[in-house]
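> What follows is a single structure, and I will ask about it in a moment.
The values are calculated or read from the model by the stated rules, or taken from the named source; none is laboratory data. Values in this document were obtained by computation on a predicted structure and should not be read as measured data. Note that each Cβ is placed from the backbone with ideal geometry, even for glycine, and that neighbours are counted across all protein chains shown. With ligands, DNA and RNA removed, areas are computed over all heavy atoms of the protein, side chains included. Shrake-Rupley method; radii C 1.70, N 1.55, O 1.52, S 1.80 Å.
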Amino acid sequence: MKLELRKVKVKDIVLGDQMKFADGVLTVDVNGLIAALKDDVNVKEIKIDLAKPGDKTRIIPVKDVIEPRVKVEGKGNGFPGVTTPIEQLGSGAVNVLDGAAVVTIGDIVGFQEGVVDMWGEGAKWTPFSKTMNIVVDIIPANGLDPHTHETTVRLAGLKAAELIGYAAKDAVADEVEVFEMGSIFEETEKYPDLPKVVYVEMLISQGLLHDGYIYGVNSQQILPTMIHPNEEIDGAVISGNCVAACDKITTYQHQNNSAILDLYNRHGKDINFLGVILTPELTTLAGKFRTCDYTAKLCKSLGADGVIVSEEGYGNPDSDLLMICKRLESEGIKTVLITDECSGWDGMSQPLADTTPEAVAVVSAGNVSHVVELPPADKVIGNAKAIATLAGGWEGCLSEDGSMKCELNAVIGATSEIGYHNLTVKLY
Amino acid sequence: MSYKILYYVNQFFGQVGGEEQAGIAPFYKEEKIGPAMGFEQLLKGEAQVVGTIVCGDNYFNENTEESLKFIYDTIAAVKPDMVVAGPAFNAGRYGMACAGVANAVIDKLGIPVVTGMYHENPGVDQCKAKAIIAEVTDSAAGMRTALPVMAKIALKLLKKEELGTPKEEGYIAQGKRLTVFADKRGSERAVEMLIARFKGEEFETELPMPVFDKVAPAAAIKDLSKAKIALVTSGGIVPIGNPDRIQSASAQKWGKYNVSDISELTGGYYTIHGGYDPVYANEVPDRVAPLDMLKKFEKEGLIGEVYEYFYTTTGTGTSVGNAIQFGKEIGKELKEAGVDGVILTST
């Protein structure tokens, strides 16, 4: 499989009356976009706004972040199985509006939505302060039940990214990244002496605002499944806006999965990267045993010498993470875990909800309960008051002057467990 | 301005005598006694030791209150910016005394304390969370290496400079897990850690596995039909409107609500828990906290009575430290109310 990401660098974004990209400037056709998204009868109103790095702007409550792209060679534009007809992804060429992102906000669906600050203190804590953000505010039709409400905002965001992506259709790439990998046998023949590595990406699969989707299939309904890394980079996996803002894997982070990219980077040099296993994090004990056994079995069947496992969320999935680790290490497969911690405001509590002696190599992406103080914004896109009900906020955490105190829990992508961000924890 | 340090040593390092003098009561001298002398030289004039308290180890451990009162009085007179105690090396009673001094001075007066101990000294666990304990050797032969470490830490704390990691500074970890920025993103660190493992190179986990407490179960209830049963949940079920503003994740508090007049939670309650799909819990909150069944059992005589209060908090992301505190507080109330058993539900 060979996939080219043809990146066109977005230096600025403006609102206008047609979708276009020229001289590094992305113009968003506001009325066209609004009209297209309002095609969905469950969408009552759409508002579009912009937030650029350095602007004293706060975006809240953020549900998902999506990278606008367009497929220019090969099949499968948009998000096949979700917003477009099903196609096999992973091959061809994609024009990427690199540096731009669609950020969805709107009436709160659940507690798992978050904040993005574009400047100063807050900007340090989220990777999405560095992107040029097109903020899509989705006001749903009256009386939607929560699950339909979630589906509506999820689809609106994906559709917006797809429509904006068309602006790059004829753009000339500033940089081309090629992702090419043959079958496991071919690669192993090429690199017979390199250790074989599998990436296990856990997806939370636990209901409203807690599901991931693979080609449109809810991850709740799958056995652990292997996919080619190119498929995920090409848009096969999307966020169901899962779990706390700090460690939900947004769609943008699936499209640019840092664990996949960093493994690809070492492929053929230090390791032989075999592929990705998507593993659902289920709520039942039987489900956990089934998926953890199955995941370890797949790794073993593939002949993995080493595995990187990334978690999504915290609490009960900590058990899945460590159960997978225990099984892999018992089979002699070297395992590195990426997780985050709930060590409390003071950092004095034990970090995980489970423990196993086999977990000897763990990367920590930060303490979700680490409290940050964010100064008042000049402009709030969305509703600043939402912070009181989000995971990581509390009643009274927003001051009258607009400054607020919250846990990293509420900051989008802060403690990304696919290792997308650069936080860690040190013992003092 | 030169900072003022009050020094604390035991009878041995206070040059009073050995074991036979371990029972002496504390006294204070405006002098640098024992390690205080070498310690002050290392401060390079940026701080001075204004005096030394000498106290017998046995005396301190057997008459802690009197000893501490003497220390408080001395501090009130001397007004030091910091108290330095030890190093106690692996001397257990001396370590316990240094820890006792440290905890009291920090808790009551808010004055920072630096001490030094061997990592196995029983005093370490007593005060490491509050004081900074330089990690020193197990015997006084290590005095020469211990004092520079303690002096460097003391100066940093006095000047309000940020202390580095335990490894960098040479102190025993306090157990605080602080979020900091790394040079590389997490995924790159993970790949590098895996490659290091393949190559047999040294690597360091960023998250050593936690050690869990084990709680012995209480004895079984002999006669359920006479038992008072309470309902407690971490499922975030609260009265509609969430009157106590319990957090949807990382709870900082718990709530209790009188349920003596209702036969189920449905209708008046919902969930504010941010860790699961709330739709079905909101339809029937008894699915998470089964008050309906308990009331039914009470009516049928299967259980004696349902305790009048229902206790609740949010489990998701809640630190174990907070959970222990909630457990103790709720447990105490239930015990005092004569509750025999608890149905404790999680999600």
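> For chain B, just say rounded, prolate or oblate: build the C-alpha gyration tensor, square-root its eigenvalues into a ≥ b ≥ c, call rounded for a/c under 1.5, and beyond that prolate if a/b exceeds b/c, oblate if not.
Prolate, because a/c is 1.5 or more and a/b exceeds b/c.
> Which order do you get for A:Thr83, B:Thr145 if you rank them by accessible area with a 1.4 Å probe, largest at the top?
Descending accessible area places them as B:Thr145, A:Thr83.
> Interface A/B, total buried accessible area with a 1.4 Å probe, nearest 100 Å²?
Accessible area lost upon association: around 5800 Å².
> Another question, then. Only loop residues by DSSP count here, and only those with at most 12 other Cβ atoms within 10 Å; note down the trypsin sites (Lys or Arg not before Pro) in region A:247-331 that meet that. Walk me through the numbers before you get to the answer.
Details: sites: A:Lys248, A:Arg266, A:Lys269, A:Lys288, A:Arg290, A:Lys297, A:Lys300, A:Lys326, A:Arg327; in loops: A:Lys248, A:Lys269.
Passing both the DSSP loop test and the Cβ count: A:Lys269.
> Based on the Cα coordinates of region A:97-178, what is the per residue volume of their convex hull in Å³?
Per-residue hull volume (Cα only) is 134 Å³.
> Moving to a separate point now. Round to the nearest 10 and report in Å² the accessible area of A:Asp346, as given by a 1.4 Å probe over the protein chains' heavy atoms.
Here the residue's solvent-accessible area equals roughly 90 Å².
> Taking the alpha-carbon set of region B:224-345, what are its Rg and Dmax in Å?
13.8, 39
> Over region B:3-169, what is the relative contact order in percent, taking alpha-carbon pairs closer than 8 angstrom and at least six residues apart? Kindly include the intermediate steps, with their values, before the conclusion.
Values: 328 pairs, mean separation 36.2, N = 167.
Across region B:3-169, relative contact order equals 22 percent.
> Still on this structure, please answer the following. Which entries in the list A:Lys11/A:Lys52; A:Lys130/B:Lys176; B:Lys256/B:Lys332; A:Lys11/A:Lys130 go over 21 Å, if you measure between the two C-alpha atoms of each?
From the list (A:Lys11/A:Lys52; A:Lys130/B:Lys176; B:Lys256/B:Lys332; A:Lys11/A:Lys130), the Cα-Cα distance tops 21 Å for A:Lys130/B:Lys176.
> Another question about this same structure. Quick check: the angle from helix B:143-158's long axis to the longest principal axis of chain B, C-alpha only, nearest 10 degrees?
Approximately 60 degrees, to the nearest 10.
> Ignoring ligands, DNA and RNA, what percent of the 1.4 Å accessible area of region A:2-410 is carbon and sulfur?
Carbon and sulfur: 50 percent of the exposed surface of region A:2-410.
> Here is a follow-up. Take the alpha-carbon centre of region A:316-366, take the same for region A:1-76, and report the distance between them in whole Å.
Spelled out, the Cα-based centre of one part sits 37 Å from the other.
> Here is a further query. Would you list the P(r) distribution for region A:291-428, with all Cα-Cα distances sorted into 10 Å bins from 0 and each bin expressed as a whole %?
11, 36, 28, 15, 8, 2
> For region A:329-404, which trypsin sites (Lys or Arg not before Pro) are in a loop by DSSP, counting at most 11 other Cβ atoms within 10 Å?
Those that pass, being in a loop and sparsely packed, number zero.
> Also, quick follow-up: Give or take rounding to whole Å, what are the principal axis extents of the alpha carbon atoms in region B:78-141, in descending order?
32, 20, 16
> Moving on. To test your reading of the geometry: what angle, between 0 and 90 degrees and rounded to tens, separates the Cα axis of helix B:291-300 from the longest principal axis of chain B?
Value to nearest ten degrees: 60.
> At a Förster distance of 60 Å, what's the computed FRET efficiency of A:Leu15 paired with B:Ala196, Cβ-Cβ distance as r, to 0.05? Write out the running numbers ahead of the final one.
Details: r = 48 Å, r/R0 = 0.81.
E between A:Leu15 and B:Ala196, to the nearest 0.05, is 0.80.
> Quantify how strongly other chains surround peptide B:270-279 by giving the mean number of their Cβ atoms within 10 Å of each of its Cβ atoms.
Across B:270-279, the average partner-chain Cβ count within 10 Å equals 6.
> Given just the C-alpha atoms of region A:2-410, how large is their convex hull per residue in cubic angstrom?
With only Cα atoms used, region A:2-410 gives 136 Å³ per residue.
> Could you calculate, for region B:272-323, the ratio of the Cα radius of gyration to the Kirkwood radius, expressed as Rg to Rh?
Result for region B:272-323 is an Rg/Rh of 1.07.
> If you don't mind, there's one more thing I want to ask. How much net charge surrounds B:Ser319 when only the other residues with a Cβ under 11 Å from the Cβ of B:Ser319 are counted, with Lys and Arg +1 and Asp and Glu -1?
-2
> How large is the convex hull of the Cα atoms of region B:1-49 per residue, expressed in Å³ as a whole number?
61
> How big is the Kirkwood radius of region B:3-169, worked out from every pair of different alpha carbons and given in Å to one decimal?
So the Kirkwood estimate lands at 15.3 Å.
> Excluding A:Val70 itself, what net charge comes from residues whose Cβ is under 15 Å from its Cβ, given Lys and Arg +1 and Asp and Glu -1?
-1
> Still on this structure, please answer the following. With a sphere of radius 12 Å drawn around the Cβ of A:Val109, what net charge do the other residues whose Cβ falls strictly inside it have (Lys, Arg +1; Asp, Glu -1)?
Residues near A:Val109 contribute -4 overall.
> Follow-up. Taking every DSSP beta bridge with both residues inside chain B, roughly what % is antiparallel (nearest 5)?
30
> Sticking with this one: One quarter of the convex hull surface, Cα atoms only: what value does that give for the protein assembly as shown in nm²? Don't jump to the answer; show the numbers that get you there.
Values: hull surface 153.3 nm².
Result: a mean projected hull area of 38.3 nm².
> Next question, about the same structure. Might you tell me the accessible area per residue for region A:22-94, computed with a 1.4 Å probe and given in Å²?
39
> Summing -39500 (n - 2.57) over the DSSP H runs of n ≥ 4 in the protein assembly as shown and dividing by its residue number, what mean residue ellipticity at 222 nm do you reach, to the nearest 500 deg cm²/dmol?
Calculated from helices alone, the mean residue ellipticity at 222 nm is -8000 deg cm²/dmol.
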